[in-house]
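> My questions will all concern the structure given below.
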Amino acid sequence: TRALTILGIESSCDETAAAVLRLEDGRATLLADVIHTQLEEHAPYQGVVPEIAARAHAEIADRTVAAAMKQAGLSYAGLDGVAATSGPGLIGGVLVGMMTGKAIAQAAGKPFIAVNHLEGHALSPRLGNDCPFPYLLLLVSGGHCQFLEVRGLGDYRRLGTTIDDAVGEAFDKTAKVLGLGFPGGPAVERLAREGDPKAFSFPRPLMNRPGLDMSFAGLKTAVSRAAAEAPLTDTRLANLCASFQAAVCDVLAGRARRALEGFDPGEGEEIRFVVAGGVASNQAVRTALEAEAAAFGGRLVAPPLRHCTDNAAMIALVGAERLAAGGIEGIGDLGAGARPR
Ligand code: KG4
Ligand code: ZN
């Protein structure tokens, strides 16, 4: 089959990213992969501020795309299409990315492909790893927390989701009440290594409930209450982090077990369980999920951290796979609008 070269743009949260990807015989090669994170701009506010994000995207989107094209050594004429995240996400950033992508596509006379951000995460394990369809996916980031069955391109089934906070959000809020800064995940994980996971017995919400929905808001409240009971010594802080992380791991592992029980990859197919999103970089979470996959004779696949968190390579991949599948005709999705949800 013909090789396809796609420019991808991602700007739905606090990363401005552009990537150039080449898809040939079902194999993806990255020619460029640029990610600008705005973490420093948002850190003083302990969270992502939409207005600051929108301005930052508007300021650096053009430069980010130019840097990716330069890295790939291509002009726009060398592209077969342009893909950009069309949602869900913060509307200001999504608009910047889409308008940039549409303008380039229009000027170069190439199809534009509007990509759902979650579909990007869903296909991200296919960027580097050998990860054919079908697979079970747990997407755990600051904004998303869901189990998906990924059966093929465009063939996704949502099995369960959080009914309140996303897991990353729970890490961030817990870090905030403990005074650990933003983003909280890495700080909580670091301190948890020194602590006793059994020091506090925090709730495991919905653990034994049927279905695959999850809940994390109560956990944050429990940590906050426990933190207020006595002065926060170093030991106490580490114990709170370790106990919180243990509860998160138990909940995710319990739900993963249920998801794996219900997952049928088909006759003779290996059981592939993918974890993606920022929280997938947490070693304790990975270890807990690895054990569940192994218990079912399966394999846990975790994309490298660079492609777990928000990136444009996954957006370019979705664009390329959709174009290769023949789902895009003429100017493509030039009429598509930006969607916050
Ligand atoms: O995927 P991501 O970069 O952005 C979203 O799309 O949300 O995920 C960011 C989230 C943040 O909530 C952050 O605290 C969490 O992932 N995170 C972690 C770790 N590293 C990042 N959570 C737990 N442990 C970590 N090591
Ligand atoms: Zn994301």
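> Considering only the range 101-162, give the strands (runs of 3 or more DSSP E) lying wholly within it that have at least 3 residues that are away from ligand 1 (no atom under 16 Å from the Cβ), surrounded by 18 or more Cβ atoms within 10 Å (Cβ to Cβ) and among the basic types (K, R).
none
> Right, something else. Would you be able to say whether some residue in the range 219-234 is outside any helix (DSSP H, G or I) and of a type in the set (S, T, Y)?
Checked against the condition, which is being outside any helix (DSSP H, G or I) and of a type in the set (S, T, Y), the range 219-234 yields at least one hit.
> Let me ask something else about it. Among the residues of the range 260-280, what is the count of those that are closer than 22 Å to M214 by Cα and in contact with a helix residue (DSSP H, G or I) (Cβ under 9 Å, 6 or more places away or on another chain)?
Residues in the range 260-280 being closer than 22 Å to M214 by Cα and in contact with a helix residue (DSSP H, G or I) (Cβ under 9 Å, 6 or more places away or on another chain): 10 in total.
> Kindly state which strands (runs of 3 or more DSSP E) lie completely within the range 1-68 and contain at least 2 residues that are among the hydroxyl-bearing types (S, T, Y).
27-37
> If you don't mind, there's one more thing I want to ask. For the range 127-144, give me each residue that is over 18 Å from V167 (Cα atoms) and within 16 Å of ligand 2 (Cβ to nearest atom).
Result: L127, single match.
> For residues that are within 16 Å of ligand 2 (Cβ to nearest atom) and touching a residue at least 24 places away in the same chain (Cβ under 8 Å), tally how many sit in the range 148-169.
Of the residues in the range 148-169, 10 are within 16 Å of ligand 2 (Cβ to nearest atom) and touching a residue at least 24 places away in the same chain (Cβ under 8 Å).
> Right, here's the next one. Here are A226, A295: which of them is small (G, A, S) and within 22 Å of L191 (Cβ to Cβ)?
The conditions single out A226.
> From the list R225, R286, which one is of a type outside the set (S, T, Y), within 13 Å of ligand 1 (Cβ to nearest atom) and surrounded by fewer than 18 Cβ atoms within 10 Å (Cβ to Cβ)?
Checking each option against the conditions leaves just R286.
> Taking the range 289-308, which residues are within 13 Å of ligand 1 (Cβ to nearest atom), out of contact with any Leu (no Cβ under 7 Å at 6 or more places or on another chain) and at pLDDT 90 or above?
Matches in the range 289-308: A302, R306, C308.
> Give the residues of the range 108-122 that are within 23 Å of G78 (Cβ to Cβ) and either among the aliphatic types (A, V, I, L, M) or more than 16 Å from ligand 2 (Cβ to nearest atom) (or both), sorted by residue number.
Across the range 108-122, the qualifying residues are A108, G109, K110, P111, F112, I113, A114, V115.
> Looking at the range 264-301, which of its residues are in contact (Cβ under 8 Å) with a residue 40 or more places away in the chain and assigned to a loop (DSSP other than H, G, I, E, B)?
The answer is P265, G266, E269, I271, G277, N282.
> Here are some conditions: (1) of a type outside the set (K, R); (2) more than 30 Å from E51 (Cβ to Cβ); (3) assigned by TED's automatic domain parsing to the domain that holds H121. G298 meets all but one. Which one does it not meet?
(3)
> Out of the residues in the range 168-183 that are modelled with pLDDT under 90 and over 13 Å from S281 (Cβ atoms), state the one that is nearest to the chain's Cα centre (by Cα).
Here the answer is F182.
The values are calculated or read from the model by the stated rules, or taken from the named source; none is laboratory data. Note that the structure is predicted; figures quoted are calculated from it, not measured. Here Cβ is always computed from backbone atoms with ideal geometry, including for glycine, and neighbour counts include all displayed protein chains.
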